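Here the structure is laid out as structure tokens; the discussion comes afterwards.
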Amino acid sequence: MENQRVGKQSFRLSSPPVITAWASVAGKKESEGPLSQYFDICSKDTYFGQKTWELGERKMQQMALDTLIKKAGLTKDDLGVVFSGDLLNQCIGSSFTLRNMDVPHLGLYGACSTMAESLLLGAMTVGGGFSDKVVAMTSSHFASSERQYRFPLNYGGQRPPTAQWTVTGAGAALLCKEGYGPRITGCTMGTVTDLGITDANNMGAAMAPAALATISSHFRDFQVSADDYDLIVTGDLGQLGKDILMQLSSQNHIFLGGKLTDCGTLIYDAAKQDVHSGGSGCGCSAITLCGCLLNKLQAGEWKRILFCGTGALLSPTSTQQGLPISGVCHAVVIEGGNQKWRILSHF
């Protein structure tokens, strides 16, 4: 097999995996936002018929996976492996979803970068010939995240303007060796970046340097620029983090050419919904990608996007101890179209 490594952190897929199907499940607040038309399932019940928010998150992932399998015309026995994760301790949302399904599972924790991380690892698995059908999946839930990372909802704590609203949603994508749909042609693995931000209510500032590091590495490794993309989408810096990334890019002479947007700013209507700096959580980039972005790529509205999942690598313990918040960002090149992809045309 030819060496697919490009530069220090990136790799090119000589046999690019095809995203043949995708599914999204959105909560009440997300269903009231500007992207609601793209979601497969919209629920007004934050518990999703379960007794707890944590079980509700598991139910969301199960609904996303069931919808994905149905849309692809497959059964669970057709799946080679599922890469999935969430924000809950020990990733119980994902493990409870896959328990007793007899489907190979590799659990991930990349915080809000998990959707990009699962796509990256799925692309390596399919592109390397280790499996023909791989699922990349993740979720988050506002209430379960608040209970774990901050305060119980009935505490009624004041949220500062820099805070983001954890998205209630789950997204899943099917990567196949061949078929019809957008394809993953290249990826850049992120490095853990820490500039000393300690405020857990300002995760955009903590993640922005990681986004800059990965985007600049991607440009350098592939010898490309923003001009080679129709869209560069981070997920999820929120409005403040996006603004910081724009400032950092300008200071470092990395020009994004008006191509930058962020899942945290797309998912909600900032003027009508009280979300402060925007959306966050694993589900934010997951349902934005598996709803809006892939649909628009499939329709030919865009030809190539750079999907950059950003994650704040904190835990309740590290926050209580006042430790700084590290960030990470993984980038995935997704090329659109409704052709039957087999061989990569190198960009």
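The values are calculated or read from the model by the stated rules, or taken from the named source; none is laboratory data. Bear in mind that the values here come from a model prediction, so they are computed numbers and not experimental data. Every residue, glycine among them, receives a Cβ derived from its backbone with ideal geometry; neighbour counts consider all protein chains shown.
Couple of notes before you dig in:
- Residues of region 182-195 include none that is under 25 Å from LYS29 (Cβ atoms) and either in contact with an Asp or Glu (Cβ under 7 Å, 6 or more places away or on another chain) or surrounded by 18 or more Cβ atoms within 10 Å (Cβ to Cβ) (or both).
- Residue check for GLY56: out of contact with any Leu (no Cβ under 9 Å at 6 or more places or on another chain), at pLDDT below 95 and either closer than 19 Å to SER118 by Cβ or buried (at least 21 other Cβ atoms within 10 Å of the Cβ) (or both): yes
- Only one of the listed residues (ILE267, ILE215) is in contact with a Gly (Cβ under 7 Å, 6 or more places away or on another chain), surrounded by 24 or more Cβ atoms within 10 Å (Cβ to Cβ) and within 17 Å of CYS112 (Cα to Cα). That residue is ILE267.
- Conditions (1) more than 23 Å from ALA173 (Cβ to Cβ); (2) in contact with a helix residue (DSSP H, G or I) (Cβ under 9 Å, 6 or more places away or on another chain): number failed by ASP221: (2)
- Scope region 225-246; condition outside any helix (DSSP H, G or I), among the small types (Gly, Ala, Ser) and either closer than 15 Å to GLN164 by Cα or touching a residue at least 60 places away in the same chain (Cβ under 8 Å) (or both); matching residues: GLY235
- Hits in region 37-46 - residues which are closer than 19 Å to GLY291 by Cα and either crowded, with 18+ Cβ neighbours inside 10 Å or in contact with a helix residue (DSSP H, G or I) (Cβ under 8 Å, 6 or more places away or on another chain) (or both): TYR38, PHE39, ASP40, ILE41, CYS42, SER43, LYS44
- Condition check for THR114: surrounded by 24 or more Cβ atoms within 10 Å (Cβ to Cβ) and in contact (Cβ under 8 Å) with a residue 40 or more places away in the chain: yes
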